[in-house]
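Visitor: So that we are looking at the same thing, I have put the structure below in structure tokens.
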Amino acid sequence: MKPEILLGDEAVALGAIQAGLSAGYSYPGTPASEIMEYLIKAATKTKAFVASWSVNEKVAYEEALGVSFAGKRALVSMKHVGLNVAADPFMNSALTNAHGGLVVVPADDPGMHSSQNEQDSRFYADFANIPCFEPSNHQEAYEMTRQAFDVSEKFGVPVMIRLVTRLSHSRSTVRPREPRGQNELKHGASQDWTLLPVNARRRFRAVLDNQAAMVRLSEESEFNSLRLNDKDRSLGVIASGIAFNYVQENLRDLENPPSVLKVCTYPLPGKLIRGLVEHVDNVLVVEEGYPLIERSLRGLFGIAGKTVKGKLSGDIPLTGELSPETVRPALGLKPLESLDLGGFKLAARPPQLCVGCPHADTFQALNKALKEYHQGNVFSDIGCYTLGAYPPYQAVQTCVCMGASVSMAKGGAEAGIHPSIAVIGDSTFGHSGLTPLLEAAAADTNMTVFILDNGTVAMTGGQPSYASGERLLRMIEGLGVVKEHIRVIEPLPKNLDKNAQVIKEEIDHHGLSVIVAVRECLEEAKKRRRGG
Amino acid sequence: MKQDIILAGVGGQGIISIAYVIASAALEEGLEVKQAEVHGMSQRGGAVQSHLRLSQAHIWSDLIPRGEADLVLSVEPLEALRYLDYLRPDGMIIASRAPFVNIQDYPDVETLLNRIRKIPRHLIIDSEKLAKEAGSSRTQNMVMLGAAAGRLIVREENLTRFIKVLFERHGETIVASNLKAFALGQAVAAAADFVPASGAREGKGGG
Ligand code: SF4
């Protein structure tokens, strides 16, 4: 088949389709969104499988699990923190004897380009006792995804493909192979899928009993390789996933290259690691994310007679994203010569709301109304409106995780903060805002919730939102919010005074109010005008 | 044969389109390609860059090592300077002189241009003027691609071919204005040349 230039995300999606995917689910989040974008485009064209955005990652995961129960192959993708949301089904699905291949693809964001932390999903795979593939390039992302479905069906567990931003959002050539067909419908066995203690204990045992076979598979994997230098045994490098490339990139500058073990599969291939460690005096571990391999290698007491270098020893930076230059010093190389600014200061250019964005008008009205109160706080959430933290608005004081604005405003109000205000977008509200609002309505907490309804998941490129428009208003009422205190405003410059007045009235109301600010995202309006 | 290029600009200026055209041309010519780009938060009016690597041999890293870029191609003068430490000492910089002002502390444009002029091999292009001449101020990215075309290791006819592919679905007028933008950038760059250090000159459309 013809080679194609694909994003790392797209290589995974294509691999899944050609492995006989029956359904894919996801919630938008950088850097994972393009996996589902690709699946949806392909599914729209061929109508051969299901691909859809879910209301959140937990729901997405459970939908995929239902497909696996039915004997068919399913993929669920999300950004790394999305796996926290789906952690409950994820951990338990390790025990449910998946018989239709189930592949979970979290995309990590080392360096926090678009995220609130840089957690390393490999630890989740380890936690759940399931295999994990960590591609170093696009072809591997494609091949590993295909293989992951087989491994999942072989062991009856979900299998993880761990991506990182730099692979997700880099394009390179992929040479696809012949696609294969989908599985037939075949119902799961209830004794495997009903995790009552009696079944769960048996299933857990079975997963543990399979660990040795999973290690063997990892040891034999074509994605790992060991290259020993017999002339010089001073240094051996263990490099995993994309970090392997950064080591390779620098090797040509070394007269005497170290022995190198490439590790791209988990559980760790013990035999290969022993093969390297026994061959050399010093070991350097280079991995993107947290020091998982390095920690396993060191244990509590280290390896007698050898030094282990890496992130924990300070030879490789412990935080942020790796690059060819961050690994040079650990390999004993000086930085390359380059041009530089020589003290010339450059102004930073942080991201910001689009000119004319409806959120800007909401923040202006909110700031205006809040001038009369002194001790208040605005709890924000995840979306374009988080940019309201920057000047000129500086309108919000928190951003923690999906839905936290509403729950934190409730906690804040109960601790004595007034006004206690939550700001959440329509899609984020659908994702994780309903449950805390239900609670706040039941307690009639003295707080004000803003739902910014721009009709889309704007930050990630305009995916559909489930909690928007008329349906959103009915949902709020259905949760038990008193009708008189559900107010709708249109955030436009000409409505500034009127909107600030509404906000003041609702802050002064002793109890729960919800203000819905309705105006379409500009980017979406543009897309609609262009007819797509 | 290899070439490492940093493409720079502000979210929304069409960096990814430039990358698409060069990368597709390179694939057509049998080169290996890796192209790292920025999605997500920074795309909202923030600084964005793309690392584009072309090579006959295998390419390992998706990121260009600091000190290895052959070219910084920027649709904006402030952003042109942001990635200077990626440029090898004999690398070149091709920058637009049209500022994209969306921050309060945007520096004086002449000061920026003077700093760019200190780089031994530089070319400053008035992409705004040329884009308007091409019929749409949105074609500045193609002006800049045209200005760089003669220095790229891919053939110019393959570049224009993929400009057509890229804009096809937007209709003939848009294809035509982007091709014209490309040609205008090309012409201005051809009239200038990179004389190292003291003799550095700028294109006629620039200055
Ligand atoms: S993409 Fe939409 S919601 Fe986001 S800043 Fe722009 S206009 Fe506002």
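The values are calculated or read from the model by the stated rules, or taken from the named source; none is laboratory data. Please read these numbers as outputs of a predicted model, since none were measured by experiment. Here the Cβ is made from the backbone with ideal geometry for all residues, glycine too, and neighbour counts use every protein chain on show.
Visitor: For segment A:343-361, does any single residue satisfy the condition of being at pLDDT 95 or above, of a type in the set (A, V, I, L, M) and within 30 Å of A:Asn499 (Cα to Cα)?
Guide: Yes - at least one qualifying residue is present in segment A:343-361.
Visitor: Within segment B:1-50, how many residues are closer than 23 Å to A:Thr173 by Cβ, facing chain A (nearest Cβ under 8 Å) and touching a Gly at 6+ places or on another chain (Cβ under 8 Å)?
Guide: Going through segment B:1-50 one residue at a time, the tally reaches 2.
Visitor: Considering each residue of segment A:377-389, count those that are more than 10 Å from chain B (Cβ to nearest Cβ), within 16 Å of the ligand (Cβ to nearest atom) and over 18 Å from A:Leu496 (Cα atoms), and give that number.
Guide: Of segment A:377-389, the ones more than 10 Å from chain B (Cβ to nearest Cβ) are A:377-383, A:385, A:388-389.
Applying the additional criterion that residues be within 16 Å of the ligand (Cβ to nearest atom) yields A:380-383, A:385, A:388-389.
If we keep only those that are over 18 Å from A:Leu496 (Cα atoms) as well, we get A:380-383, A:389.
The number of residues fulfilling the criteria is 5.
Visitor: Select from segment A:2-16 the residues that are over 16 Å from the mean Cα position of the chain (by Cα), part of a helix (DSSP H, G or I) and within 13 Å of chain B (Cβ to nearest Cβ) and list them in ascending order.
Guide: Within segment A:2-16, just A:Ala11 meets the criteria.
Visitor: Please enumerate the residues belonging to segment A:252-277 that are within 14 Å of chain B (Cβ to nearest Cβ), free of Cβ contacts under 8 Å to residues at least 40 places away in the same chain and farther than 21 Å from A:Arg295 by Cβ.
Guide: Listed by number, the residues that qualify are A:Arg252, A:Pro257.
Visitor: In segment A:33-50, how many are farther than 18 Å from A:Thr165 by Cα and either acidic (Asp, Glu) or crowded, with 24+ Cβ neighbours inside 10 Å (or both)?
Guide: So the count comes out to 1.
Visitor: Same structure again: Can you give me the number of residues within segment A:498-524 that are exposed (fewer than 14 other Cβ atoms within 10 Å of the Cβ) and hydrophobic (A, V, I, L, M, F, W, C)?
Guide: Qualifying residue count, segment A:498-524: 0.
Visitor: Out of B:Asp70, B:Asp105, B:Asp85, B:Asp62, I need the residue that is at the interface with chain A (Cβ under 9 Å from one of its Cβ atoms) and touching an Asp or Glu at 6+ places or on another chain (Cβ under 7 Å). Which one?
Guide: B:Asp85
Visitor: Out of curiosity, is A:Ala212 more than 14 Å from chain B (Cβ to nearest Cβ) and either surrounded by 19 or more Cβ atoms within 10 Å (Cβ to Cβ) or part of a helix (DSSP H, G or I) (or both)?
Guide: yes
Visitor: Residues of segment A:387-407 being surrounded by fewer than 23 Cβ atoms within 10 Å (Cβ to Cβ) and either closer than 21 Å to A:Val55 by Cα or β-branched (Val, Ile, Thr) (or both), which ones?
Guide: A:Thr398, A:Cys399, A:Val400, A:Cys401, A:Ala404, A:Ser407
Visitor: Restricting to segment A:275-324, what's the tally of residues that are loosely packed, with under 15 Cβ neighbours inside 10 Å and of a type in the set (Asp, Glu)?
Guide: Matching residues across segment A:275-324 total 2.
Visitor: Any residue in segment A:340-352 that is closer than 30 Å to A:Ile515 by Cα, more than 14 Å from the ligand (Cβ to nearest atom) and either surrounded by 23 or more Cβ atoms within 10 Å (Cβ to Cβ) or aromatic (Phe, Trp, Tyr) (or both)?
Guide: no
Visitor: Continuing with this model, one more query. Restricting to segment B:90-100, name every residue that is in contact with a Gly (Cβ under 8 Å, 6 or more places away or on another chain) and either away from chain A (no Cβ under 11 Å) or under 22 Å from A:Ser323 (Cα atoms) (or both).
Guide: B:Arg97, the sole residue that qualifies.
Visitor: Consider segment A:408-462. How many of its residues are of a type in the set (S, T, N, Q), under 29 Å from the mean Cα position of the chain (by Cα), away from the ligand (no atom under 16 Å from the Cβ) and crowded, with 24+ Cβ neighbours inside 10 Å?
Guide: 0
Visitor: Okay, moving on. When segment A:325-376 is examined, which residues are found to be at the interface with chain B (Cβ under 8 Å from one of its Cβ atoms) and over 33 Å from the mean Cα position of the chain (by Cα)?
Guide: Selection gives A:Leu336, A:Glu337, A:Ser338, A:Leu339, A:Asp340, A:Leu341, A:Phe344.
Visitor: Go over the candidates A:Ser465, A:Ser513 one by one and state the one that is polar (S, T, N, Q), within 16 Å of the ligand (Cβ to nearest atom) and in the same structural domain as A:Gly383 (by TED's automatic domain parsing).
Guide: Working: A:Ser513 fails: within 16 Å of the ligand (Cβ to nearest atom).
Of the residues listed, the single one that is polar (S, T, N, Q), within 16 Å of the ligand (Cβ to nearest atom) and in the same structural domain as A:Gly383 (by TED's automatic domain parsing) is A:Ser465.
Rundown of residues vs (1) aliphatic (A, V, I, L, M); (2) out of contact with any Lys or Arg (no Cβ under 9 Å at 6 or more places or on another chain); (3) modelled with pLDDT under 95, yes/no style:
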| site | (1), (2), (3) |
| --- | --- |
| A:Ser420 | no, no, no |
| A:Val457 | yes, yes, yes |
| A:Gly461 | no, yes, yes |
| A:Leu472 | yes, yes, no |
| A:Asn499 | no, no, no |
